[in-house]
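**Q** Pasting a structure here, questions to come.
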Amino acid sequence: MPNTLHTLSEKANHREIPDAAIAMLDADGMVVGWTDTAQRLVGYSAGEVVGRSVSVVLPFAQSALRSGEFAEQCRARGGWSGITAVRHRDGRTLNVSLQISQLWGQGGAVRWLVCGTDMAALSSVASTGSVRESILTRTP
């Protein structure tokens, strides 16, 4: 029976872990790819953001990606990660754990892969997961 509980716990935790929102940007910070998960996170559909500046949802991004210093840091480190504010379609601001990775395309074209997860969702999973794990390990 303990194996069954452990398996159920893993399945429950797996379902609760939020999916990462993913977008792809060109070298100028224009959105060229958008996932359904990105839409769920920020409320914008692919049709509303593809072909537009990423600054629609990432206020710091337009100037940062065009900034030689930031771009050079990203290139030198292979990307950037941290927590930043993201603008939701309804106007509110979300704190998002963000990772930006540089990709090289055909002919040396630069793309940026942006992956983000809502910090509130991560905090919720971490706290409920820890509590559940503690309860299940103590259950005979």
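The values are calculated or read from the model by the stated rules, or taken from the named source; none is laboratory data. None of these values were measured; they are calculated from a predicted model. Glycine gets a Cβ as well: all are built from the backbone with ideal geometry, and neighbour counts include every protein chain shown. Side chains are part of the model used for accessible areas, which takes the heavy atoms of the whole protein and leaves out ligands, DNA and RNA. Shrake-Rupley method; radii C 1.70, N 1.55, O 1.52, S 1.80 Å.
**Q** Within region 13-34, work out how many residues are closer than 16 Å to Leu98 by Cβ, open to solvent by 40 Å² or more (accessible area, probe 1.4 Å) and either at pLDDT below 90 or outside any strand (DSSP E or B) (or both).
**A** Summing the residues that are closer than 16 Å to Leu98 by Cβ, open to solvent by 40 Å² or more (accessible area, probe 1.4 Å) and either at pLDDT below 90 or outside any strand (DSSP E or B) (or both) in region 13-34 gives 1.
A quick yes/no check of all residues on (1) modelled with pLDDT under 65; (2) surrounded by fewer than 17 Cβ atoms within 10 Å (Cβ to Cβ):
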{"residue": "Arg77", "(1), (2)": "no, yes"}
{"residue": "Trp80", "(1), (2)": "no, no"}
{"residue": "His88", "(1), (2)": "no, yes"}
{"residue": "Gly108", "(1), (2)": "no, yes"}
{"residue": "Arg111", "(1), (2)": "no, yes"}
{"residue": "Cys115", "(1), (2)": "no, no"}
{"residue": "Ile135", "(1), (2)": "yes, yes"}
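**Q** Okay, moving on. Find the residue count for region 49-61, including only residues that are over 18 Å from Thr84 (Cα atoms) and crowded, with 16+ Cβ neighbours inside 10 Å.
**A** Counting residues in region 49-61 that are over 18 Å from Thr84 (Cα atoms) and crowded, with 16+ Cβ neighbours inside 10 Å gives 1.
**Q** Here's another thing I want to ask about it. Just one of (1) modelled with pLDDT under 90; (2) part of a helix (DSSP H, G or I); (3) closer than 21 Å to Ala120 by Cβ trips up Pro59, so point out which.
**A** (2)
**Q** Hey, another quick one. Assuming Gly51 fulfils every condition listed in (1) in a loop (DSSP other than H, G, I, E, B); (2) under 14 Å from Gly116 (Cβ atoms); (3) modelled with pLDDT of 90 or more apart from one, which condition is it?
**A** Only one criterion in (1) in a loop (DSSP other than H, G, I, E, B); (2) under 14 Å from Gly116 (Cβ atoms); (3) modelled with pLDDT of 90 or more is unmet by Gly51, namely (2).
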